[in-house]
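Read the figures in this text as sums done on the coordinates, not as results from a lab. Not measured: the values here are computed from a predicted model. Methodologically, a virtual Cβ is constructed for each residue, glycine included, from the backbone with ideal geometry; neighbour enumeration extends over all protein chains shown.
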Amino acid sequence: MSNALDKLLVLAAPDPNAAKKEVFLAMYNDAAGHLMDLVKCTPDNKSDLMDEQEMWIAQWEKVMHLYSQLQHDSG
């Protein structure tokens, strides 16, 4: 009797692994969508890429300069 009841409970209860799989699949699809959006916004020629690189380097230099000033002031 308990064997039949166990089978019935298994059929009635949702599979937790299936739910986890759906969550991971949704997270993957969301991340893949964001990645595709980034790829679509990437410049497609060398000149644009070089301009963007120079912009990022300039921003990085500003941040590092401010960081070094903070380190010097606090030390």
Q) Which angle from 0 to 90°, rounded to the nearest 10, does the C-alpha axis of helix 46-74 make with the longest principal axis of the chain? A) 80 degrees
(Q) Quick check: convex hull over the Cα atoms of the range 33-75, volume per residue in Å³, rounded to an integer? (A) 72 Å³
Q: For K40, list the lysines whose Cα falls under 27 Å from its own Cα; do not include residues on the same chain fewer than 8 positions away.
A: none
**Q.** Estimated FRET transfer efficiency when R0 is 25 angstrom, pair M50-D30 (beta carbons, to 0.05)
**A.** 0.20
Q | Anisotropy class of the chain from Cα gyration tensor, a/c 1.5 cut | A | oblate
Q: Specify the angular offset, from 0 to 90 degrees and rounded to the nearest 10, of the alpha carbon long axis of helix 16-41 from the longest principal axis of the alpha carbons in the chain.
A: 30 degrees
Q. Between the helical axis of 2-12 and the dominant principal axis of the chain, each derived from Cα atoms, what acute angle in degrees is found, rounded to the nearest 10?
A. 40 degrees
